[in-house]
Amino acid sequence: MSKSNTKKPLKIKQPPDIYPTKTKAQVTIIFFAIVAMYLYSMNWTQRDMVGDITDAPANMVSVLGKFFPPNYSYWSNIWDEMALTIQMAVIATTIAAIITVPLALLSARNITTFKPLYYATRTFLNLLRTIPDLVLAVIFVGLFGIGLLPGILALIVFSLGILAKLISETIETVDMSPLEAMRASGGGTIQVIWTGLVPQVLPQFTSLVLYVFEINVRASVVLGYVGAGGIGQVLQSQLRYGHIAFPNAMAIIVLIFIVVLVIEYISSKLREALI
Amino acid sequence: MIEFKDVSLVYPNGTQGLKNVNVTINDGEFVVIVGLSGAGKSTLIRSINRLVTPTNGSLLVDDEDILKYRSKNLRKLRTKTGMIFQNYNLVKRSNVLKNVLAGRLGHTGTLRSIFNMYSKKDKSLAYESLKRVNIEEKVYNRADELSGGQQQRVSIARVLTQQPKYILADEPVASLDPPTSHQVMTYLKKINKEDNITTIVNLHFIDMAMEYADRIIGMRAGEVVFDGPASEVTEKTFEEIYGRSIREDDLRGGTES
Ligand SMILES: Nc1ncnc2c1ncn2[C@@H]1O[C@H](COP(=O)(O)OP(=O)(O)O)[C@@H](O)[C@H]1O
Ligand SMILES: [Mg+2]
């Protein structure tokens, strides 16, 4: 035994806390900062609120009343538009899933060991994610005019940001040892990735793509609202007609509600089965 | 034949992995490399298939200096040197057959391997290899359903499927219990004799080295400090290689099951 190992028993005055003092101080400061932000913004919104809140319930009932009963016979006119919206989400998700693969590989630290390339891809994806989907749609509608194409493009860019990030994080958690074995047996880069990496991330990949598909169905409704085609655009035009068209609009909302629920149900069942 | 000629390797962080190594390994030999943890055994073995690249000297495999190799030649080199790892390095989610077929990667075009279009010959070779290590009944099991010893046998089958000229085994039994360790070493030895595949095994168990090796190379601090036939080796030799007296945990113990 060396001398350094003969240490005196530690004198403990009181048992140590689970968190160090520094962490506790930080958490406290953050907590109070958030509370202060809430208080400030509450105060701010109240000042800007026009009219009297006591009228709101009565108003709501009278406006909502104009939406009911929903005009379900209107559904026969909008099947095609609903289908377009779903197709838009399907096409956009599929294309995004394909483009994601190289981007996710390039932004995974364990695969792209060439640092500049890794940082460049990361930064690009971070930038992409800062653009809200609505802004993307407005930009693409401006570029390509009203229709499905700008909607699809907006969704592709929007999904790429999320997908590539989530998938590259999945890639970074894989077991690298089989990849080493593939390389040692003479495999080329693509072979190593295909046989050593893909089986490890495929379930997660599929699950994330389905998840982004769910998001895209909802997003494509909203995008239609700014002219990117599909059911959202019909909804917007109905609402513009005024009160007479409100029952039609309500029928659209109910249909969207049902479709989104069904798609989410199917997709979540699929994802459960995968993981 | 593998010839280390004054080979040194300094890692980017300045650690000296190998120091003026001069070693010749002849065809068909079964060589065991011993040394304490950190002695440079893995660095030596991984230089041979260029998973690491020595920074000085020349390293000849079949009379060609492999330190000059770039991508295409590297793949050829790796195709003829099979490797076995301490942690088996199987794709856990894939089945045994797929794992074993990965041994054919170096012989297979990229597109063919992507679409799993391995030839009939490759597939029967894979199955024969599994039979040689007596694990053919697990052919459709997922790799993570197997025990450690079974996984190591699958990884031996993968190397057999590769039909290499050399086998490099880096601590193949370090994660196994004594009976399984002996079983794995017995398979390696048998393959070495039957197929005349030059085999280099890193071990840190003295008793196993003496039992299985034709020749023992001792390493300390990146240098080769002993090189001779296993028959000449005594406990004293190991004390010199290790630079300390032999302890209980330097022995694997147990006998072949
Ligand atoms: N990638 C690396 N980078 C830096 N140093 C390394 C690296 N790999 C190994 N080393 C160092 O090189 C020396 C030899 O390591 P290694 O060949 O793994 O020894 P062994 O296999 O005998 O345990 C050790 O000091 C180790 O810390
Ligand atoms: Mg080692």
With labels modelled as points extended 7 Å from the Cα through the Cβ direction, what inter-label distance (nm, one decimal) is found for A:Asp17 paired with A:Trp79?
-> 6.6
Shielding by partners for B:95-107, please: the mean number of other protein chain Cβ atoms within 10 Å of each residue's Cβ.
-> 4
Hey, how much of the P(r) for the protein assembly as shown falls beyond 42 Å, as a percent of Cα pairs?
-> 44
Mind scanning B:Lys68/B:Lys98; A:Lys115/A:Lys165; A:Lys115/B:Lys41; B:Lys92/B:Lys123; B:Lys120/B:Lys193 and naming the pairs with a C-alpha gap bigger than 23 Å?
-> B:Lys68/B:Lys98; A:Lys115/B:Lys41; B:Lys120/B:Lys193
Principal-axis tilt of helix B:178-195 within chain B, Cα atoms, nearest 10 degrees | 80
Report the antiparallel proportion of the DSSP beta bridges in the protein assembly as shown as a percent, rounded to a multiple of 5.
-> 55
Kirkwood Rh over Cα pairs of chain B into Stokes-Einstein at 4 °C, 1.567 mPa s: D in µm²/s?
-> 69
Using the count of nearby Cβ atoms within 10 Å as a rough guide to exposure, how do A:Leu261, B:Leu60, A:Leu153, A:Leu163 rank from fewest to most?
-> A:Leu261, B:Leu60, A:Leu153, A:Leu163
Only Lys, Arg (+1) and Asp, Glu (-1) charged, at Cβ; the range B:1-120 dipole about Cα centre in debye | 860
Proxy reagent accessibility, fewest Cβ within 10 Å first, across A:Trp75, A:Trp194 | A:Trp75, A:Trp194
Scalar couplings 3J(HN,Hα) for the range A:192-208 by Karplus 6.51 cos²θ - 1.76 cosθ + 1.60 (θ = phi - 60°), nearest whole Hz, x for Gly and Pro, are 4, 5, 5, 8, x, 9, 3, x, 6, 10, 4, x, 4, 4, 4, 4, 5
Could you go through the range A:176-187 in sequence order and give the Karplus-derived ³J(HN,Hα) for each residue, using 6.51 cos²θ - 1.76 cosθ + 1.60 with θ = phi - 60°, rounded to whole Hz, and x for Gly and Pro?
-> 7, 5, x, 5, 5, 5, 5, 5, 5, 8, x, x
By Cβ neighbour count within 10 Å, fewest first, B:Asp65, B:Asp250 rank B:Asp65, B:Asp250
Would you tell me the mean number of C-beta atoms belonging to other protein chains that fall within 10 Å of each C-beta in A:135-148, as a whole number?
-> 0
For peptides B:90-101, B:153-164, A:199-210, sequence by mean Cβ density within 10 Å, most packed first | B:153-164, B:90-101, A:199-210
So what is the 222 nm mean residue ellipticity for the protein assembly as shown from helices alone, if each DSSP H run of at least 4 adds -39500 (n - 2.57) and you divide by all residues, rounding to the nearest 500 deg cm²/dmol?
-> -18000 deg cm²/dmol
To the nearest whole number, what is the average tally of beta carbon atoms from other chains within 10 Å of the beta carbons of peptide A:169-180?
-> 3
Sort the following peptides by mean Cβ neighbour count (other Cβ atoms within 10 Å, averaged over residues), highest first: A:175-188, A:95-108, A:31-44.
-> A:175-188, A:95-108, A:31-44
Residue farthest toward the positive end of the dipole of the range A:72-274, with Cβ of Lys/Arg at +1 and Asp/Glu at -1: which of A:Leu127, A:Leu105, A:Thr93?
-> A:Leu127
Can you tell me the FRET efficiency between A:Thr206 and A:Leu261 if r is taken as the Cβ-Cβ distance and R0 is 25 Å, rounded to the nearest 0.05?
-> 0.70
What is the Cα radius of gyration of chain A over 2.2 N^0.38 Å, N being its residue count?
-> 1.43
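Every number in this text was worked out from the coordinates using simple rules, so none of it is lab data. Note that the structure is predicted; figures quoted are calculated from it, not measured. Every residue, glycine among them, receives a Cβ derived from its backbone with ideal geometry; neighbour counts consider all protein chains shown.
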